[in-house]
Amino acid sequence: MNTPCTKLHLFVDGELSAPDAEAFRQHLARCPECEAGLRDVLQLELLAARALGGADEVKAEAPAKVTPLRPWMQRASRALVPVALAAGLAAVGVFRFQAQPEDAFDVWLAGADSRTLEARLSYPKADRFLPYEPMRGTSGTSNPLPLRPLAELEERQDFQGIAAAYALRGDWQQAESFLSRAPASADKDNDRAVVALSGQRWEEALNLLGGALSQEPRHAQALWNRGLALRGLGLLKQAEASFRDVAALPGQEAEWRRAAERRANELRALRDAEAARRQRQVRETWARLTEGVAEPSHLVRQQPAVTRAALYEAVRTAPSAAAVSALMPLAIELDRLGGGTVLQDYVRDTAARDFAVRAPLARDYARLMKGEAMPGLLETLRASQETDLYVGALLHTGEAATDAEALKALQRYAHGSRDPWLNLLADRERARGEDAAGRAASAEQLLLATLRTCGAYNTLFPCAEIN
């Protein structure tokens, strides 16, 4: 009977056509009998390798007639997969089959002229600096794993080295499997974080990197990868700081140091550009609201988060009760999207204020919003009864991050408003205060918690402003 199992030896000897070899590989992953046969052949090959190694030393004493094993070994080594050496290699079929010379350095792609992995691995031979070029498509098959060095790494139980080889080729399942067998260390935690980064599991990666850095605070690869995780979470300022820490490490390879400085500068530019873009969007929407040319439902459909921020500014800068009341349809639309009546209540309460007192303050607040220097305005607003204007000014100036009493005033107003967005902004200012006081770790945890809460509201809030 001509079953796929009868093709095992043809497959081992490299005598199958490419389509037949691929079909057999698929069969191999599902056939315990062929897996066992492959295991036996591989064990024989390793035994033969050891025997030939010893035979070279006693060549003169060898019998005249010996079956030459090396040609067969070379064929086998080009076709075999070291899946059978241990449980970690049990996922038959995941190794690359190749017919190239087995250079040990090819395990970690030493001949490459660029790297497709943005993160940094701890394994020294896998952490050479190369220009970064993102991988496009599934090009990992163009760099198959050389089998004999891989088997030797397995024999030495160098699981981290094998994991690094798979990570460089984007085979994250195998990388994670081998890392699970490596001994505990900062290097292992870093490389496990690299696997998490590959799946955009930013917080998981950040936690693993925290473990690595608690063991080795100057772990260059962990600091680099921490920058990537923080960037993925949207904490661009903290990501920039992490890359600057890499650049400042003594003894850093010059290329890595320059790359870290370049990334830090890029993150600062990105943060500034995004902040400017958000401010521009809010101001443009605010202008349309104050001019009365915006259709509420259209704004809410197009940019609900920006529109919410612009509504607050429109209420704060409105010169009359009528101008505030004109914003009620927009408040209704936004409340319909988010649930509750917090914005309608804010519009209604503000329209009932005494505008003989409020209007001049609203005009001054509008000037502050446009970027004008308004010395003394904070104190004037603090002493007034127009608390929402004082809170808006605190948010514009960042005063709450450096003034404990101002922060308390912001928190009181936010809690009393029942508006989750204002509470998120109060938490952000508290985190910024922690950062300004030199408590960076506490600030980071507060920001992460705030971002998680904000993310739960989907598109209702401009969560990018939390950074």
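Observations, loosely collected:
- T397 vs. criteria of a type in the set (V, I, T), buried (at least 16 other Cβ atoms within 10 Å of the Cβ), farther than 25 Å from P304 by Cα and touching a helix residue (DSSP H, G or I) at 6+ places or on another chain (Cβ under 9 Å): no
- Those residues of region 256-275 which are of a type in the set (G, A, S) and either under 30 Å from H219 (Cα atoms) or at pLDDT below 90 (or both), in sequence order: A259, A260, A264, A269, A275
- The sole residue among L209, L223 that is without any contact (Cβ under 8 Å) to a residue 24 or more places away in the chain and either in a helix (DSSP H, G or I) or polar (S, T, N, Q) (or both) is L209.
- Selection count where residues are surrounded by 14 or more Cβ atoms within 10 Å (Cβ to Cβ) and in a helix (DSSP H, G or I), scope region 249-264: 7
- Residue match in region 266-280 (condition: touching a residue at least 60 places away in the same chain (Cβ under 8 Å), outside any helix (DSSP H, G or I), at negative phi and surrounded by fewer than 16 Cβ atoms within 10 Å (Cβ to Cβ)): no
Residue by residue, here is whether (1) in contact with an Asp or Glu (Cβ under 8 Å, 6 or more places away or on another chain); (2) among the charged types (D, E, K, R); (3) modelled with pLDDT of 90 or more; (4) not assigned by TED's automatic domain parsing to the domain that holds D345 holds:
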residue	(1), (2), (3), (4)
A366	no, no, yes, no
K370	no, yes, no, no
T380	yes, no, yes, no
G392	yes, no, yes, no
A400	yes, no, yes, no
D403	no, yes, yes, no
Q411	no, no, yes, no
E429	no, yes, yes, no
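- For region 405-449, a residue qualifies if it is of a type in the set (D, E), touching a Leu at 6+ places or on another chain (Cβ under 8 Å) and in a helix (DSSP H, G or I), and the qualifying residues are D427, E429, E434, E444.
- Helices (runs of 4 or more DSSP H) enclosed by region 141-200 - at least 2 residues per element that are surrounded by 23 or more Cβ atoms within 10 Å (Cβ to Cβ) and in contact with a Phe, Trp or Tyr (Cβ under 6 Å, 6 or more places away or on another chain): 159-168, 172-179
- Verdict on P319 being assigned by TED's automatic domain parsing to the domain that holds L337 and closer than 17 Å to I466 by Cβ: no
- Residues satisfying the stated conditions in region 453-467, i.e. in contact with a Cys (Cβ under 6 Å, 6 or more places away or on another chain) and under 18 Å from K237 (Cβ atoms): C454, C463, I466
- Boolean, D364 is within 30 Å of G455 (Cβ to Cβ), without any contact (Cβ under 8 Å) to a residue 24 or more places away in the chain and either in a helix (DSSP H, G or I) or of a type in the set (A, V, I, L, M) (or both): no
The values are calculated or read from the model by the stated rules, or taken from the named source; none is laboratory data. Here the structure is a predicted model, which is why all the values come from computation and not from measurement. Virtual Cβ from ideal backbone geometry, glycine too; neighbours counted across all protein chains shown.
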